[in-house]
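Have a look at the structure below before the remarks.
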Amino acid sequence: MQHVSYEGCRVGVPGSHLDITGARFSLMPMSDDFLAIILGAIQKVNRTKVWAKTDPTSTVYRGGSTEVFDALKACFVFSYRPRVHASLEATISKGCPGDVDADAALSFDGSRVNESASQAIHFPVIGKFSVYPMGTGDYMHCIETVINRGIDKGIVTGTGHYVTFLGGDVHEVFRYIEEVFHELDANVSHFVIQLTLLCNLPEGEAHE
């Protein structure tokens, strides 16, 4: 394996010129049937509008932001099973100077091809997220803005060391995270959102 080099990267200059959003995520159902649940959800997602690849560690979707969020939410929703404790761990990135134009969907038309199927499945989630605006000295204001918006919506339930806590219907939480994405996208050149969602906790906080 050859060493990597990022000498050509510059702050504020995305490596991709195709406006690519990327999400890498893992599904973790706490069930003896975990393999069937994970692979079943991945296979059920309509991936015609995103570039997708699953490896032994996780799955990645790349393409337009609308299409990526549509596929990411659908995969988590399709993995849902009543009374099965499960989690989603996702890293969502936009504007990285080290990104490339390769491995991207050919269509950026704002399609939500999974919405009609995923919208029929509702369940409560709790979780946490952290946002990392890069390339700006005013990053704390960016973070403050999106957290306060979540407080006003009733989606942000508290703050802790290095994280902000979330709760609500799975679709409402994803809608808020997508709004966070667009707020950051309008104000910084490169950012990352780290997201964890949990359903059917054994303790009962979000148990069905």
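The values are calculated or read from the model by the stated rules, or taken from the named source; none is laboratory data. On a predicted model such as this, the values are computed, not experimentally measured, just so you know. Here the Cβ positions follow ideal geometry from the backbone for every residue, glycine too, while neighbour counts run over all protein chains shown. For accessibility, only protein heavy atoms count, side chains too; no ligands or nucleic acids. Shrake-Rupley method; radii C 1.70, N 1.55, O 1.52, S 1.80 Å.
I'd like the antiparallel share, as a percent to the nearest 5, of DSSP beta bridges with both residues in the chain. Working shown, then result.
Details: 47 of 47 bridges.
If I count the DSSP bridges inside the chain, around 100 percent turn out antiparallel.
Tell me the relative contact order for the chain as a rounded percent, counting alpha carbon contacts under 8 Å between residues six or more apart.
Values: 405 pairs, mean separation 56.5, N = 208.
That works out to 27 percent.
Taking the Cα centroid of the range 1-72 and of the range 133-176, what is the distance between the two, rounded to the nearest whole Å?
Their Cα centres are 22 Å away from one another.
Along the range 125-138, what does the Karplus equation 6.51 cos²θ - 1.76 cosθ + 1.60 (θ = phi - 60°) give for ³J(HN,Hα), rounded to whole Hz, x for Gly and Pro?
My calculation for the range 125-138 gives 10, 10, x, 8, 8, 9, 10, 10, x, 10, x, 9, x, 9 Hz in order.
Show the residues, 5+ positions off or on another chain, whose built amide H is closer than 5 Å to the amide H of GLY168.
Residues meeting the amide H criterion: VAL125.
Two decimals is fine: what's Rg over Rh for the chain, C-alpha atoms, Kirkwood radius as Rh? Kindly include the intermediate steps, with their values, before the conclusion.
Details: Rg = 17.0 Å, Rh = 17.7 Å.
Reported Rg/Rh (Cα atoms, Kirkwood Rh): 0.96.
I'd like the carbon and sulfur percentage of the solvent accessible area for the chain, probe radius 1.4 Å, heavy atoms only, ligands and nucleic acids excluded.
Details: 5800 of 10720 Å².
Roughly 54 percent, rounded to a whole number.
Just the accessible area per residue of the range 86-208, please: how many Å² with a 1.4 Å probe?
Details: 5880 Å² over 123 residues.
With the other protein chains kept in place, the range 86-208 gives 48 Å² per residue.
Only loop residues by DSSP count here, and only those with at most 10 other Cβ atoms within 10 Å; note down the trypsin sites (Lys or Arg not before Pro) in the range 33-98 that meet that.
Working: sites: LYS44, ARG47, LYS49, LYS53, ARG62, LYS73, ARG83, LYS94; in loops: ARG47, LYS49, ARG83.
Answer in residue order: ARG83.
If you average over every viewing direction, what projected area does the convex hull of the Cα atoms of the range 1-113 give, in nm²?
Convex hull of Cα atoms, orientation-averaged projection: 8.4 nm².
What does the convex hull of the alpha-carbon atoms of the range 8-69 project to on average, in nm²?
Values: hull surface 22.9 nm².
Spelled out: convex hull of the Cα atoms, projected over all directions, averaged, 5.7 nm².
Looking at the square roots a ≥ b ≥ c of the eigenvalues of the Cα gyration tensor of the range 89-134, which shape do they give, rounded for a/c under 1.5, prolate if a/b is larger than b/c, or oblate? Intermediate values should be presented prior to the final figure.
Details: a/c = 3.35, a/b = 1.24, b/c = 2.70.
Oblate, because a/c is 1.5 or more while a/b does not exceed b/c.
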